[in-house]
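To start, the structure under review is shown below, and the notes come after it.
Derivation of every value follows stated rules applied to the coordinates shown; laboratory data play no part. Computed from a predicted model, the values in this text were never measured in an experiment. Every residue, glycine among them, receives a Cβ derived from its backbone with ideal geometry; neighbour counts consider all protein chains shown.
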Amino acid sequence: MKDVLLKSPLQGRLIALCEVHDPAFASEAMGRGAAVTEPKGEVTSPFDGTVTVLFPTKHAIGLLGDDGTEVLIHIGLDTVKLDGKHFEAHVEQGWRVSAGQLLIRFDAEAIQAAGYDTTTPIVVTNAANYGDITVQLGEDAVVSKSAEEETPTEETVSVYADLPAEERVCREILDHIGGLENIRAAEHCATRLRLILNDKSKIDEKAVENIDGVKGQFFAAAQYQIILGTGFVNKVYDVLMQMDNSLAGGGKEAAYEEMTLAQKISRTFGDVFVPIIPVLVATGLFMGLRGMFQNLGTEFSPHLLTLSQILTDTAFAFLPALVCWSTMKKFGGTPVIGIVLGLMLVAPQLPNAYAIAAGEAEPIYMNILGLSVPVVGYQGSVLPALVLGILAAKWQAYLKRIVPDVIDLIVTPFLTLLVGMVVGLLIVGPVMHTLEIAVFGAVRAFLELPYGIGGFIVGALHQVIVVSGIHHVFNALEIQLLASTGRDAFNAIITGAIVAQGGAALAVAMRTKNIKKKALYISSAIPAFLGITEPAIFGINLRFMRPFIYGLAGGACAGAAASLMQLAGTGMGVTVLPGTLLYMDRLPEYLLVNIIGFSVAFGMTFTMFDPKE
């Protein structure tokens, strides 16, 4: 049956009919719809149609829409007893009216002073001919379900309806996951509540998804993740912590225990490199802005150019210090020792790696046990600092166990730095740098395969890898690409994959007739255009599967286009709309890649997928 959408004929606060203090309306015996409390004093026509009945007391009016919808608007409860006092009709029975045309004015304050409730029901009297009936007032909407559908879910009837939204959602989640006692640990990110559960079988996934305020749910990285949206997730988490703050912390450790080997490796890469990314994002944005001004013909003075180079080059010149610091912190070592070890890898006394690559300097060769070992600086390197940080953290932990406390403050840092420097410069550095050159050389060759093949494959599979939870390994790749080439071709490929998932989700929203679901789907799709695909993927595309596949197709086409045009960004960490600042020197090509990803995914989903399926 056809659904009905009515714009509210009154301004005020929209409520469900079941909240009206009149059994005839609350039981929907008069028809299905909604009601407006605290009305502003004017009734306008919700559509083009005809006035079928105007009561002599002017407290109620019946309309027939051009589409056959019959609507009754009843101003106040029992107001027929006022005998027309405080009401003024601006139309007559039988008149043609247009949407928005004034029908009746009334004095709400005078009616209330006379002792009457001004709550105004708006009902479709021939509701049996229709499916869902939605009354919309501004951004609010009340949906009256067809009697042929299932019994109302927790989304429409909740024992926690009178509580604040964040407390209601928290309690409803607990009801459907086995309660507080089933949670081992809890944390949250920007959009998701992340729970480690004792017994997954207690989850009622369908009921969780039906909670008003929940945009989706899924398992990833050994965590039960519930998508709530930015800002709101913090409030729900705070309510949970008020119930039991012992659940805070330990989420990462508990999740780590249940991960696969691939997920553990990915999580370790993420924990090491994610804290560094904001600095590299800022550096990339600085490079993009400088490139934009230079493309516009701006000439920098030598001193201003030097200042801009300080902004753009410092992070990469001292990248090993950042990586070693973060690694030591991750593995339980002293972070400041990690910083010093990382700085030793790029000490000014060592031949600069960039100068060696340019043929302007030679390595220092040291004879170790008959082997000639090159000693160089590792500016822009990732793997030597990563491995050195892990080894140094383990070595320091060992020293703390055997060194007496009375001399620990002196001996442990001394031996950690001494052994770390020797091992880092003479063993770890040369070995890992050689491996790094081989691995990232192979990756670059794959991305640069002819005819855009590499970009096509990466664009098609990137969001599948995101769903698997092992996408953090790409952080190291992107950092190395930026450090070695100054550009990030991987970012250019995946931006099309990200916008494609947003396009597929938006197409689902456009094909959905249910107003409440449409609004939910649109709000889930929007973050994808800011580079965050989880709400779109887990809230929409994966639930229907085919939109997710069409999104992968869009990502593949966009990735191939990015590879063919040899597009690369000046930084990493931001994509789609925020990512434009990384491509100011090649903005038309960047926009084209995003348009291709969006258009393919949106077009395929809109034409080949029906939400009713």
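When a/c is below 1.5 the answer is rounded, else prolate if a/b is larger than b/c, else oblate, so apply that to region 296-400 with a ≥ b ≥ c taken from the square roots of the Cα gyration tensor eigenvalues.
Values: a/c = 3.38, a/b = 1.41, b/c = 2.40.
Oblate, because a/c is 1.5 or more while a/b does not exceed b/c.
Looking at region 1-99, which GluC sites (Glu not before Pro) are DSSP coil and have at most 14 other C-beta atoms within 10 Å of their C-beta?
E92
Quick one: 3J(HN,Hα) in Hz for region 115-121, Karplus 6.51/-1.76/1.60 with θ = phi - 60°, rounded, Gly and Pro as x.
x, 10, 7, 8, 3, 10, x
Return the subset of K235/K517; K235/K400; K200/K264; K40/K145; K7/K85 for which the Cα-Cα distance in this structure is over 29 Å, preserving the input order.
Violating the 29 Å Cα-Cα cut-off are K235/K400.
What does the charge add up to near M30, with Lys and Arg as +1, Asp and Glu as -1, over the other residues with Cβ less than 12 Å from its Cβ? List each step's numbers first, then the result.
Values: positive: R32; negative: D22, E28, E70.
Cβ neighbours under 12 Å give a net charge of -2.
For n ≥ 4 DSSP H runs only, could you compute -39500 (n - 2.57) per run for the chain, divide by its residues and tell me the 222 nm figure to the nearest 500? Present the calculation step by step, with values, prior to reporting the outcome.
Details: 21 runs with 282 residues, N = 613.
-14500 deg cm²/dmol, from helical runs alone.
Given 25 °C and 0.890 mPa s, how large is the Stokes-Einstein diffusion coefficient of region 450-608 in µm²/s, with Rh as the Kirkwood radius over Cα pairs? Don't jump to the answer; show the numbers that get you there.
On the way: Rh = 15.1 Å.
The calculation lands on 162 µm²/s.
Rounding to the nearest 10 and keeping the result within 0 to 90°, find how far the Cα-based axis of helix 277-295 lies from the longest principal axis of the chain.
90 degrees
Sorted by average packing, counted as other Cβ atoms within 10 angstrom per residue and highest first, what order do 233-239, 198-204 take?
233-239, 198-204
Which angle from 0 to 90°, rounded to the nearest 10, does the C-alpha axis of helix 405-423 make with the longest principal axis of the chain?
In the chain, helix 405-423 runs at an angle near 80 degrees to the longest axis.
If I fit a long axis through the Cα atoms of helix 261-273 and take the longest principal axis of the Cα atoms of the chain, what angle between them do I get, 0 to 90°, rounded to 10?
Taking the Cα atoms of the chain, the angle to 261-273 is about 80 degrees.
Let me make sure I get this right: for region 1-126, a, b and c are the square roots of the gyration tensor eigenvalues over alpha carbons, sorted descending. Under 1.5 in a/c it's rounded, otherwise prolate if a/b > b/c, else oblate. Which is it?
Oblate, since a/c reaches 1.5 and b/c is not below a/b.
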